[in-house]
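The structure appears below as structure tokens.
The values are calculated or read from the model by the stated rules, or taken from the named source; none is laboratory data. It should be emphasised that the depicted structure is a prediction, and the values quoted were computed from it without experimental measurement. Please note: Cβ atoms are built from the backbone with ideal geometry, for glycine as well, and neighbour counts cover all protein chains shown.
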DNA sequence: CGTCGGACCGAGCGAGCGTTCGGTAGCCTC
DNA sequence: GAGGCTACCGAACGCTCGCTCGGTCCGACG
């Protein structure tokens with residue numbers, strides 16, 4: 001082991017060019033978003049990927065494994081982006097908050113289907129995967145709580161309850177995945193900037 | 001017709017004593033929250049209500065009719081409460097915003113299962129009911145947008161995009177239904193007050 | 001040239017699904 | 001006390017579900 005918490009080259013957390021998801025999972029994401037996990041049959045999944053049902057089972061052990069792969073990818077992608085955003089902010093607490101919220105909003109706009117599933121299909125995961133997903137969600141939440149707590153301790157922010165404020169900010173960003181429209185009047189970048197502003201105002205002295 | 005947009009006695013929108021939902025629907029809400037609409041069978045629904053499957057079909061025409069009754073009740077209850085809150089606020093714009101957000105947060109805390117379903121099971125509704133639910137959601141959103149727009153026009157608030165700010169506030173409150181715990185350290189009333197504060201800060205001059 | 005393994009498919013398995021049929025038990029009315 | 005109503009239930013219908021069996025095709029390798 002080499003202590004891998006500081007990768008040599010950090011990802012560009014603002015880059016959403018293409019999602020490296022294999023085509024089968026990409027079509028599965030869209031189908032699950034439209035009808036939900038239990039509302040989608042393996043036949044529908046196979047048809048969406050231009051494949052037979054056994055063809056699908058060649059790549060994944062079960063329908064459950066498909067949703068698990070999607071959810072894991074979502075949580076991993078968000079975590080790596082927000083980790084990179086924190087690194088970019090350095091020790092400036094205001095900047096840490098701004099970039100974290102910007103990162104959250106960008107993710108929920110650019111990866112809206114993925115983010116929607118991550119928020120919606122928790123209950124469709126079997127116990128092991130569910131526990132893992134909850135842990136990832138909690139770790140993600142803790143990152144923002146820590147920013148708010150440190151900022152409050154150093155007098156940069158005024159927050160009565162950092163955990164509650166973090167939840168308000170996170171669910172505010174989560175909501176973006178429900179209504180964002182790439183063809184709409186607001187770009188993801190504009191929304192992210194506005195949301196960073198909302199977060200700042202919530203904690204302003 | 002007597003012009004019924006001003007009922008003689010308005011409901012007390014802060015009172016959440018008991019939900020007037022019949023027992024069958026009450027148990028259905030909990031089961032749907034746990035497993036989702038498509039993840040719940042009519043046999044499970046019947047067992048949760050201590051009933052046989054035909055017994056369940058005596059009260060509702062179909063499984064779909066059960067979810068529709070629940071969703072309609074949720075949207076109607078929220079609408080009547082926020083309507084009453086607006087009436088209580090009178091013409092004071094700051095108060096309109098405060099009470100509206102307080103009402104939203106209270107609803108999503110006290111009726112967390114109901115609110116969770118309303119936000120989550122839209123895609124499980126068949127076209128007619130779905131259209132009705134979307135219309136109700138839009139009407140609900142428009143109410144807050146109007147408050148923000150009027151407040152901005154009168155110089156009470158500073159909001160670049162009322163629609164976007166309204167969505168941020170609404171999804172912030174929607175999130176309460178995902179993590180609120182009646183046995184937790186924060187009461188619904190405390191949360192509602194904090195959230196009204198967040199909303200105020202977002203639009204503050 | 002042979003055979004090996006990855007990528008896939010048609011057909012079908014048992015289980016569970018939403019729904020319905022033909023009842024029964026208890027109560028109220030005339 | 002006959003008839004009708006509400007509130008149910010056991011059994012089963014036709015269908016779809018997740019999943020698997022026993023293949024075929026095809027490019028890579030020796």
Condition (residue is away from DNA strand C (no atom under 12 Å from the Cβ), modelled with pLDDT of 95 or more and more than 19 Å from the chain's Cα centre (by Cα)) applied to the range A:10-23: is it met by at least one residue? no
Complete set of residues in the range B:49-75 that are touching a residue at least 12 places away in the same chain (Cβ under 8 Å), away from DNA strand D (no atom under 12 Å from the Cβ) and more than 14 Å from chain A (Cβ to nearest Cβ): B:66, B:68, B:69, B:70, B:71, B:72, B:73, B:74, B:75
Verdict on residue B:85 being within 30 Å of residue B:142 (Cα to Cα) and touching a residue at least 12 places away in the same chain (Cβ under 8 Å): yes
